[in-house]
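What follows is one structure encoded as structure tokens, with my remarks underneath.
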Amino acid sequence: MSEFDSGLRVRRAARVIVLDPMGRALMFRFDVPGRPPFWVTAGGECEPDESFEDAARRELMEETGIAADPGPQIARTTPEFITVEGEPVQADERYFIVRVDGAEIDTAGHTELEQKLMTQHRWFALEELSSWHELVFPENLGDLIASHIAT
């Protein structure tokens with residue numbers, strides 16, 4: 001028996017929590033027609049046979065222009081959702097944290113679809129994540145970050 005029995009395609013994805021020197025998290029706003037806007041971390045679907053770590057490294061470079069080692073996996077979520085292309089999926093998402101020295105990012109590597117739907121990016125203070133007026137995924141992101149940056 002599979003870990004995922006929803007009957008949906010399992011969408012393997014790497015998510016990268018990028019933290020600036022002030023401890024703020026980089027988030028991207030998606031504006032998908034017919035859906036409320038939502039914010040997510042950098043990241044995306046793994047290529048076939050690509051490890052989560054390699055996907056995290058690739059997605060980080062493509063979406064932010066940052067070349068960095070994603071470090072160890074810090075969390076996993078398995079939500080069911082509808083992709084921006086309209087496909088219902090069972091996700092297997094792995095989260096990594098990357099700390100950067102500055103807040104500058106380069107979005108020139110965005111795909112055509114990302115250019116169309118990823119309309120904004122901004123750095124969020126952790127306390128903003130739980131009270132933001134638009135959807136933030138995962139919903140417990142602020143707590144997740146806080147539990148992994150505590151010294």
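The values are calculated or read from the model by the stated rules, or taken from the named source; none is laboratory data. From a predicted model like this one, the values you see are computed outputs, not experimental measurements. Cβ sites come from the backbone with ideal geometry, for glycine too, and all protein chains shown count toward neighbours.
Would you point out which residue out of 124, 137 is surrounded by 16 or more Cβ atoms within 10 Å (Cβ to Cβ) and touching a helix residue (DSSP H, G or I) at 6+ places or on another chain (Cβ under 9 Å)?
Answer to the selection: 124.
For segment 82-96, give me each residue that is modelled with pLDDT of 95 or more and surrounded by 15 or more Cβ atoms within 10 Å (Cβ to Cβ).
Listed by number, the residues that qualify are 89, 90, 91, 92, 93, 94, 95, 96.
Among the residues in segment 101-113, are any surrounded by 13 or more Cβ atoms within 10 Å (Cβ to Cβ), touching a Phe, Trp or Tyr at 6+ places or on another chain (Cβ under 8 Å) and assigned to a loop (DSSP other than H, G, I, E, B)?
Checked segment 101-113: at least one residue is surrounded by 13 or more Cβ atoms within 10 Å (Cβ to Cβ), touching a Phe, Trp or Tyr at 6+ places or on another chain (Cβ under 8 Å) and assigned to a loop (DSSP other than H, G, I, E, B).
Which one of the conditions (1) modelled with pLDDT of 95 or more; (2) out of contact with any strand residue (DSSP E or B) (no Cβ under 6 Å at 6 or more places or on another chain) does residue 25 fail to meet, given that it meets all the rest?
(2)
Residues to consider are 134, 63; find the one that is among the charged types (D, E, K, R), within 18 Å of residue 26 (Cβ to Cβ) and in contact with a Pro (Cβ under 7 Å, 6 or more places away or on another chain).
Only one candidate passes the filter, namely 134.
Go through segment 25-62 and give me each residue that's among the basic types (Lys, Arg) and either assigned to a loop (DSSP other than H, G, I, E, B) or within 25 Å of residue 125 (Cβ to Cβ) (or both). Outline the logic, then answer.
Residues of segment 25-62 that are among the basic types (Lys, Arg), as a first pass: 29, 35, 57-58.
29, 35, listed by residue number.
Out of curiosity, is residue 146 out of contact with any Cys (no Cβ under 6 Å at 6 or more places or on another chain), modelled with pLDDT of 95 or more, not in a loop (DSSP other than H, G, I, E, B) and not aromatic (Phe, Trp, Tyr)?
So residue 146 fails the test.
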